[in-house]
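*Asks:* Take a look at the following structure, please.
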Amino acid sequence: MADVLKQMASKLYDGEDEAVAELVQQALTAGLKPADVLADGLIAGMDRVGRDFKNGDLFVPEVLIAAKAMHAGMAILRPLLVGDATVARMGKCVIGTVQGDLHDIGKNLVKMMMEGAGFEVVDLGVDVKPEKFVDAVRAHQPKLVGMSALLTTTMVNMKTTIDALQAAGLRDSVKIMIGGAPVTEAYARQIGADAYSADAGAAVDAARALVA
Amino acid sequence: MDVNYHAHHTLQFRVLSDRQIERIVQATLECLQRTGVDVYHAEARHLLASAGARVDGVRVRLPPHLVQEAIAINPRAFSVWGRDGRHRLTIAPDHVHFGPGVTTTFFVDPDTGERRLTRRGDPALTARVCDALDHFDYVMGLGLISGVKPELAPVYEFAEMVANTGKPILAWGYSLHNMRDIHHIAIAAAGGEDVLRARPLYALFATSHPPLIHTDAEISNAFYAVEHDIPVIYTGGGSAGATAPVTGAGALVVSLAAMLSGLVIIHLKKRGALVCPGSVPEPVDLRTGRPAYGAPEMSLYSAALCDISRYLGLPFLGTAGASEAKTLDLQAAIESTLQVILSGFSGATLVHDAGFLDCAELGSLEMLVMVDEIIAMTRRLMRGIEVTDETLALDLIDRIGPGGEFMSSKDTARRCRSELWVPTIFDRERWVNWEAAGALSTLDRIKLRLRDILHSHTPPPLPVGAAEQIETILREAEQR
């Protein structure tokens, strides 16, 4: 049976979403536990993707189709994993591009990579007002909030959003990650964010560290 | 590789029009008939006289039909093989291959970075580095070995090269003794005379003496090569302003006249021999009288000679990756880039002289590493743009639609490696990542890549017993 999981990990690495979904179904039919399918099939494959991406052996589109394959597998597993420790440990992330900013390539990239790593991501889209972040945190109770901005003129709204979470009494319930072209480590510290990431790969690592 | 996708000629680069080419060819035929060339090889003069040339002392004047016949009988395409069986040069117009230069007096020491005399071991390093670099297709020795019997330098050079690369080699010699030694070393490396005859693993690089002189030594070497079915690269030449007229067109005539008269002589010795004419038409900087490899005219005239060669159905040896700069600096990078791009676009068959600094006086392994990256970029340009139903991607565009993204589509993932070139040396990181990785300059990365190759690259081994045979050949040459 380990063969199914090995094959699943390998198909996931190749970005074959339909094959992965089929193999997940097959594994469940054969009586494997959902948590084992997740850990030894999907996450095992995605770990290899993450490692090879970090070494520069994989390109972003290759990582993204692998992430989509992960997603296809998770769509089947998630309902069966309610209350499971692995999923609960990874947790939810609310993500969005801050108010006034319509750029979302980087944000989408982070979203897909996070999903690939097993996070459940609630995407608020672009031009997200501070109140909308506050409402989403209240409604979804995520462990993480991710904010993106491409412009120096809009990046100030990262601070506005953090202040709004503070005012709503929600700041301490979440870890906050920020990123985007003009954003720096120093800026993250200055506005009281918990982490800064230079790229999508680093964002996943930072997210993992924050929820660990 | 070929220039352009076969069916879709995206890049169209020519220096001369058909009419200009025809005028230059006619002028060259007139020059060979009226002025002629000096031939310092008795048998060659005899062959030329028998074929109808007018011989007066060493001066030989060639009737046009002799030249036209030689052009017609040169094979349309032939091969030089690597002993690894994987690398093969197709010598034909528009097949482009890159390689290093030859006979620099000085060498940049790869350990200390110092400029010192070239010595034993340097051609071995050159061969190993070229063996490792994806975009070098053949090997030349780069440096002229000092510290050995001077007349044996080309033999030691060849012995070192053949042991350190599986790629094809361009060899040269001072004398027939050199040629015999080199050929016997090649037989040992190939694993037998028949094997070498069927698949020559080296070609002879022979040069005329500009303007318009064929020397006894070079013609003797060429005759030895073709008698043993070894292909010959035979270069014309003439530096505009010094050994050729200062005008571009006049310089082209002098180069072409030497190339084509050499071709005639070689085919009279052996009809249908494998010959690749070539030329290094570098102009002279008339402020100093020094040749200027990095001059734009060098690449312009090379590309023009390439146009003419293609028109005549001949391959051509061109020049790129050579600079007058004294260190591997911005000038070296800029001049190399211009030369590599123009050589590639013009479709030169064998492009040589990569790794030259200081006017062909100084060889640099680091420069080979840099030029490899420039060739890689140039090859991406040479490939042009493939236009097919599949690459037009209308279904994909329709599926993704306005405001969507193409980065996570399977189509992108499947084609991302073949469609978009990625550098191995040049940096494209975000500042923070670049800083975290040590804030390396391009030169730092070139040095690291070179160190990595020198430490870790292993060329394919020689056949069993070949190394001992080569040692014996070298010992006997020393005792002669």
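For every residue, the table says whether it meets (1) without any contact (Cβ under 8 Å) to a residue 60 or more places away in the chain; (2) among the charged types (D, E, K, R); (3) surrounded by 22 or more Cβ atoms within 10 Å (Cβ to Cβ); (4) more than 12 Å from chain B (Cβ to nearest Cβ).
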| site | (1), (2), (3), (4) |
| --- | --- |
| A:LEU38 | no, no, yes, yes |
| A:LEU42 | no, no, yes, yes |
| A:LEU64 | yes, no, yes, no |
| A:ALA69 | yes, no, yes, no |
| A:LEU80 | yes, no, no, yes |
| A:HIS103 | no, no, no, no |
| A:LEU109 | no, no, yes, no |
| A:HIS140 | yes, no, no, yes |
| A:MET147 | yes, no, yes, yes |
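*Asks:* Continuing with the same structure: Specify the residue that is farthest from the other protein chains (Cβ to nearest Cβ); the eligible residues are those in segment A:44-62 that are out of contact with any Leu (no Cβ under 8 Å at 6 or more places or on another chain) and assigned to a helix (DSSP H, G or I).
*Replies:* Among residues in segment A:44-62 that are out of contact with any Leu (no Cβ under 8 Å at 6 or more places or on another chain) and assigned to a helix (DSSP H, G or I), the one farthest from the other protein chains (Cβ to nearest Cβ) is A:ASP47.
*Asks:* From the list B:LEU328, B:LEU342, exactly one residue is outside any helix (DSSP H, G or I) and at pLDDT 95 or above. Which is it?
*Replies:* Result: B:LEU328 is the single residue among B:LEU328, B:LEU342 that is outside any helix (DSSP H, G or I) and at pLDDT 95 or above.
*Asks:* Among (1) closer than 17 Å to A:PHE119 by Cα; (2) surrounded by 22 or more Cβ atoms within 10 Å (Cβ to Cβ), where does A:LYS11 come up short?
*Replies:* Only one criterion in (1) closer than 17 Å to A:PHE119 by Cα; (2) surrounded by 22 or more Cβ atoms within 10 Å (Cβ to Cβ) is unmet by A:LYS11, namely (1).
*Asks:* In addition: Filter segment A:116-134 for residues that are closer than 16 Å to A:SER197 by Cβ and modelled with pLDDT under 90; which is nearest to the other protein chains (Cβ to nearest Cβ)?
*Replies:* Going residue by residue through segment A:116-134, those that are closer than 16 Å to A:SER197 by Cβ are A:116-117, A:119, A:121.
If we keep only those that are modelled with pLDDT under 90 as well, we get A:116-117, A:119.
Numbers: A:GLY116: 10, A:ALA117: 15, A:PHE119: 16 Å.
Top of the filtered list is A:GLY116.
*Asks:* Turning to a different aspect of this structure: Of everything in segment B:416-433 that's within 9 Å of chain A (Cβ to nearest Cβ) and outside any loop (DSSP other than H, G, I, E, B), which residue is surrounded by the fewest Cβ atoms within 10 Å (Cβ to Cβ)?
*Replies:* It comes out as B:TRP431.
*Asks:* Name the one entry in B:GLY318, B:GLY250, B:GLY238 that is in contact with a strand residue (DSSP E or B) (Cβ under 7 Å, 6 or more places away or on another chain) and either assigned to a helix (DSSP H, G or I) or surrounded by fewer than 24 Cβ atoms within 10 Å (Cβ to Cβ) (or both).
*Replies:* Answer to the check: B:GLY250.
*Asks:* Just to be sure before I move on: is B:GLU361 more than 14 Å from every other protein chain (Cβ to nearest Cβ), at pLDDT 95 or above and within 30 Å of A:SER197 (Cβ to Cβ) in the structure I sent? Can you show your working first?
*Replies:* Working: more than 14 Å from every other protein chain (Cβ to nearest Cβ): yes; at pLDDT 95 or above: yes; within 30 Å of A:SER197 (Cβ to Cβ): no.
It is false that B:GLU361 is more than 14 Å from every other protein chain (Cβ to nearest Cβ), at pLDDT 95 or above and within 30 Å of A:SER197 (Cβ to Cβ).
*Asks:* OK, next. Could we say that B:ALA348 is surrounded by 19 or more Cβ atoms within 10 Å (Cβ to Cβ), part of a loop (DSSP other than H, G, I, E, B), of a type in the set (Gly, Ala, Ser) and away from chain A (no Cβ under 14 Å) here?
*Replies:* Taking the combined requirement at face value, the residue satisfies it.
*Asks:* When segment B:428-443 is examined, which residues are found to be charged (D, E, K, R) and modelled with pLDDT of 95 or more?
*Replies:* none
*Asks:* Out of B:LEU260, B:LEU317, report the one residue that is more than 15 Å from the chain's Cα centre (by Cα) and either of a type outside the set (Val, Ile, Thr) or closer than 28 Å to B:PRO200 by Cβ (or both).
*Replies:* B:LEU260
*Asks:* On the given criteria, is B:LYS447 more than 14 Å from chain A (Cβ to nearest Cβ), surrounded by 14 or more Cβ atoms within 10 Å (Cβ to Cβ), among the basic types (Lys, Arg) and touching an Asp or Glu at 6+ places or on another chain (Cβ under 9 Å)?
*Replies:* Yes: the conditions hold for B:LYS447.
*Asks:* Could you give me the residue pairs with C-beta distances under 7 Å whose first residue belongs to segment B:101-122 and is in contact (Cβ under 8 Å) with a residue 40 or more places away in the chain, whose second residue is of a type in the set (Asp, Glu) wherever it lies, and which are 6+ apart or on separate chains?
*Replies:* Every condition considered, the pairs that remain are B:GLY101/B:ASP353; B:THR104/B:GLU361; B:THR105/B:GLU361; B:PHE106/B:GLU361; B:PHE107/B:ASP122; B:VAL108/B:GLU366.
*Asks:* Pairs, please: C-beta under 9 Å, at least 6 apart or cross-chain, first residue more than 14 Å from chain B (Cβ to nearest Cβ) and touching a residue at least 12 places away in the same chain (Cβ under 8 Å) and in segment A:185-206, second β-branched (Val, Ile, Thr) and part of a helix (DSSP H, G or I)?
*Replies:* Partner pairs satisfying both residue conditions: A:ILE191/A:VAL156; A:ILE191/A:ILE162; A:GLY192/A:ILE162; A:ALA193/A:ILE162; A:VAL204/A:VAL110.
*Asks:* Against the condition at pLDDT 90 or above, within 14 Å of another protein chain (Cβ to nearest Cβ) and in a helix (DSSP H, G or I), how does A:ILE76 come out, does it pass?
*Replies:* No: the conditions fail for A:ILE76.
*Asks:* Scanning for something within 13 Å of chain A (Cβ to nearest Cβ) and either without any contact (Cβ under 8 Å) to a residue 24 or more places away in the chain or on the phi < 0 side of the Ramachandran plot (or both), does segment B:382-401 turn up at least one residue?
*Replies:* Scanning segment B:382-401, I find at least one residue that is within 13 Å of chain A (Cβ to nearest Cβ) and either without any contact (Cβ under 8 Å) to a residue 24 or more places away in the chain or on the phi < 0 side of the Ramachandran plot (or both), so the answer is yes.
*Asks:* Which of (1) more than 12 Å from A:CYS93 (Cβ to Cβ); (2) within 14 Å of another protein chain (Cβ to nearest Cβ) is the odd one out, the single condition A:ARG171 does not satisfy?
*Replies:* Result: A:ARG171 passes all but (2).
*Asks:* Can you name every residue in segment B:257-306 that is small (Gly, Ala, Ser) and assigned to a loop (DSSP other than H, G, I, E, B)?
*Replies:* Once the filter is applied, which keeps residues that are small (Gly, Ala, Ser) and assigned to a loop (DSSP other than H, G, I, E, B), segment B:257-306 yields B:GLY272, B:ALA273, B:SER279, B:GLY289, B:ALA292, B:GLY294, B:ALA295.
*Asks:* Is it fair to say B:LEU196 is closer than 13 Å to B:VAL80 by Cβ, assigned to a helix (DSSP H, G or I) and at pLDDT 95 or above?
*Replies:* yes
*Asks:* Where residues in segment B:124-173 are assigned to a loop (DSSP other than H, G, I, E, B) and among the small types (Gly, Ala, Ser), which of them is surrounded by the most Cβ atoms within 10 Å (Cβ to Cβ)?
*Replies:* B:GLY141
The values are calculated or read from the model by the stated rules, or taken from the named source; none is laboratory data. As the structure is a computational prediction, the values presented were derived from the model and not from experiment. All Cβ positions, even for glycine, are placed from backbone atoms using ideal geometry, and neighbour counts span all protein chains on display.
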